[in-house]
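For reference, the structure I am asking about is given below.
Every read-out reported here was derived from the displayed coordinates using simple, explicitly stated rules and does not represent laboratory data. Values in this document were obtained by computation on a predicted structure and should not be read as measured data. In this analysis, Cβ positions are derived from the backbone assuming ideal geometry, glycine residues included, and neighbour counts consider all displayed protein chains.
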Amino acid sequence: MCVLCGEFVAGPHWTDRKHEDAVREGRISEGEYQTLRRRGRIARARVVSAVLGHYGLRLDEWSGARYILRDGKGRSEIVGDLGGVWVAAEKLLGRAPDPLDPAFLERLGGGR
């Protein structure tokens, strides 16, 4: 448990583990690993923001350990990993985002 925030400390989420083998095998340094991990988290946050932007939500990477999901009304939710984003999105929206919503699919498909 983290003595500062009172949350349980878990290992990295599977989406953050891409380069762990390279560190263990000595192909990259721990510093390079942290840089690549952070870049990956920022890139994933951009993709999720593009998807959830249809619902007026935005996801930002925060400090290499958390994500912050925000809505247009100034509300936010802190989530530990990408798996928690969808629960937080439902909470902020007051409903589950519908992946089969025709307007959503049209936006993702770019009009195709």
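Amide H of HIS19: which non-local residues (sequence gap of 5 or more, or other chain) have their own amide H closer than 5 Å, using H built in the peptide plane?
Here nothing satisfies the definition.
Sticking with this structure for a sec: List the trypsin sites (Lys or Arg not before Pro) within region 43-106 that fall in a DSSP loop (any state other than H, G, I, E or B) and whose Cβ has at most 16 other Cβ atoms within 10 Å.
LYS73, ARG75, ARG95
Another question, if that's okay. So how compact is region 14-109: Cα radius of gyration and Dmax in angstrom?
Rg, Dmax (Cα atoms, Å): 15.5, 48.
With θ set to phi - 60°, apply the Karplus curve 6.51 cos²θ - 1.76 cosθ + 1.60 along region 24-29 and write out the HN-Hα couplings as whole Hz, x wherever there is a Gly or Pro.
Coupling constants for region 24-29: 4, 7, x, 6, 9, 7 Hz.
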